[in-house]
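Worksheet for the structure shown next.
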Amino acid sequence: MKAAVRIEGGFSVQEVPEPPEPGPDQVKVKIAYCGICGSELHSIDPAYTAGSSFWGKIPQGVDISRLIGGHEASGTVVAVGSNVNWIQVGERVAMNFRTPCGTCYYCRNMMEHFCERPIPATGSYAEYALYHANAVYKLPENVSLEVGAVLEPLTVAVHAVDQAEIKPGHTVAILGAGPIGILILEVALKAGAARVLVSEPVEARRALASRLGATIVVDPVNEDLLKAAVILGEGRGFDRVFDASGKPAVARQSCDLAARGGVVVLVAVYPPGTDISFPSSYPGGKELTVKGTLISPYCFPRSVNLLSELDLEPLISIRPLEEVNEVYHDLLAGRGMKVLLKP
Ligand SMILES: [Zn+2]
Ligand SMILES: [Zn+2]
């Protein structure tokens, strides 16, 4: 089958062996679309690869099936294992890329995202991929395979909003309007956010944020973000602030924009080795709470429900798998939102 295999600095689209027939608890899926994740872009971004032993380096002697990229996929079931009786060949599905083991300390303490022995799926920049049945979700009738491929990143936004504990009427600021920032905007509005400021340097992304319900959009490079924040936040700052930018300076700015008693959620992956700091008055003077996020524990079933309730089509564009390297560079330059690769 055709697949995009990770090489130093990018991908090589080549013929690789198709995944085997499913084991008793597995499901084999013909991939329809696979989105590109912001975290994957870091593998070719010098800010992340420099001085790091993890990003960018390809370990020696790894099975080629483990080097296939991609984890945000939708598709059609082509084979199911003997224990899987709740899903049939031909059904349309979207997938998680890992399955918690269910037996480790964290899985048994309602923290599946910290699982010590997760079962990985095969990469989905490919014509076929193999999943544990626990990672497979049926798509509702009225949800297309294109929108279905947005399920995994949507779960990340749902977890970020869970972490923020948004209450009806809260004021919200979102710094960075890439796909995750935009998805947080839509989920935060559903969760009851009353006024939302979105800060984003790329004009097309600001326009999309406006169209999808942002109260105000700010260009942080050419406009005065703090001034806009003072006006919309009525001088207090925002009840909830999300950093979806990945820049340590913006993480600090997120803390500055939070109101007293506010919650800051850092959704981004920051370059390795960087520090985030804030004034010593913030913990006591503002009772600031700063939370991180790691993937999306227990968010998939609710996110499936949201697929048909949110406006996800405006985020999506489709490119052939063969263009994976060009698309990565386009996304790093801020061109495109949720780009789906079609194998
Ligand atoms: Zn992802
Ligand atoms: Zn576990």
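Sum up the charges of everything whose Cβ sits under 11 Å from the Cβ of Gly181, counting Lys and Arg as +1 and Asp and Glu as -1, but leave Gly181 out. Can you show the working numbers first?
On the way: positive: Arg205, Arg206; negative: Glu186, Glu200, Asp243.
For residues surrounding Gly181, the net value is -1.
What number comes out for the charge environment of Pro17, summing +1 per Lys or Arg and -1 per Asp or Glu over other residues with Cβ under 14 Å away? Could you put the intermediate results ahead of the total?
Numbers: positive: Lys2, Lys28, Arg66; negative: Glu15, Glu18, Glu21, Asp63, Glu127.
That sum, taken over residues with Cβ under 14 Å, equals -2.
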Completion exercise
Everything considered on the Cα gyration tensor (a ≥ b ≥ c; rounded for a/c under 1.5, else prolate if a/b is larger than b/c, else oblate), the range 22-133 must be described as oblate
Handout entry: Pairwise Lys count, the chain - Cα closer than 17 Å, eight or more residues apart or different chains
Key = 9
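Express the relative contact order of the range 158-292 as a whole percentage, based on alpha carbon pairs under 8 Å and six or more residues apart in sequence. Numbers along the way, then the final one.
Details: 274 pairs, mean separation 30.8, N = 135.
Once normalised by length, the contact order is 23 percent.
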Practice task
Compute the Kirkwood hydrodynamic radius of the chain, taking the inverse of the mean of 1/r over all pairs of distinct Cα atoms, and give it in Å to one decimal.
Solution key: 20.8
Exercise for the section: Rounded to whole Hz and in sequence order, give me ³J(HN,Hα) for the range 173-184 from the Karplus expression 6.51 cos²θ - 1.76 cosθ + 1.60, θ = phi - 60°, writing x for Gly and Pro. Expected result: 10, 10, 9, x, 10, x, x, 5, x, 5, 5, 4
Handout entry: Angle in degrees between helix 151-164 and the longest Cα principal axis of the chain, rounded to the nearest 10
Key = 30
Exercise for the section: Would you calculate the separation in nanometres between label points at Gln88 and Asp275, each defined as 7 Å from the Cα along the Cα-to-beta-carbon direction? Expected result: 6.1
Exercise for the section: Counting only C-alpha contacts under 8 Å and six or more residues apart, can you give the relative contact order of the range 139-211 as a whole percent? Expected result: 31
Practice task
Set the Förster distance to 35 Å, then compute FRET efficiency between Asp256 and Ala204 from the Cβ-Cβ distance, nearest 0.05.
Solution key: 0.85
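Quick check: from the Cα gyration tensor, does the range 173-238 come out rounded (a/c under 1.5), prolate or oblate? Can you show the working numbers first?
Details: a/c = 2.07, a/b = 1.09, b/c = 1.90.
Judged from the Cα gyration tensor, the range 173-238 comes out oblate (a/c at least 1.5, b/c at or above a/b).
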Completion exercise
To the nearest 10 degrees, the tilt of helix 248-257 (Cα long axis) against the first principal axis of the alpha carbons of the chain is 50
Practice task
Mind giving me the nanometre distance, one decimal, between the label points for Asn222 and Asn325, set 7 Å out from Cα along Cα→Cβ?
Solution key: 3.3
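Given Cα pairs under 8 Å that are at least 6 residues apart, what percent is the relative contact order of the chain?
On the way: 761 pairs, mean separation 62.1, N = 343.
Result for the chain is 18 percent.
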Exercise for the section: Would you work out if the range 229-343 is rounded, prolate or oblate? Take a ≥ b ≥ c from the square roots of the eigenvalues of the alpha-carbon gyration tensor; rounded if a/c is under 1.5, else prolate when a/b is larger than b/c, oblate otherwise. Expected result: prolate
Handout entry: Scattering curve values for the range 102-199, log₁₀ I(q)/I(0), Debye with Cα scatterers, q = 0.14 Å⁻¹
Key = -0.74
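Every number here is computed from the coordinates shown, using simple stated rules; none is lab data. As the structure is a computational prediction, the values presented were derived from the model and not from experiment. Don't worry about glycine lacking a Cβ; one is built from the backbone with ideal geometry, like all the others, and counts go over all protein chains shown.
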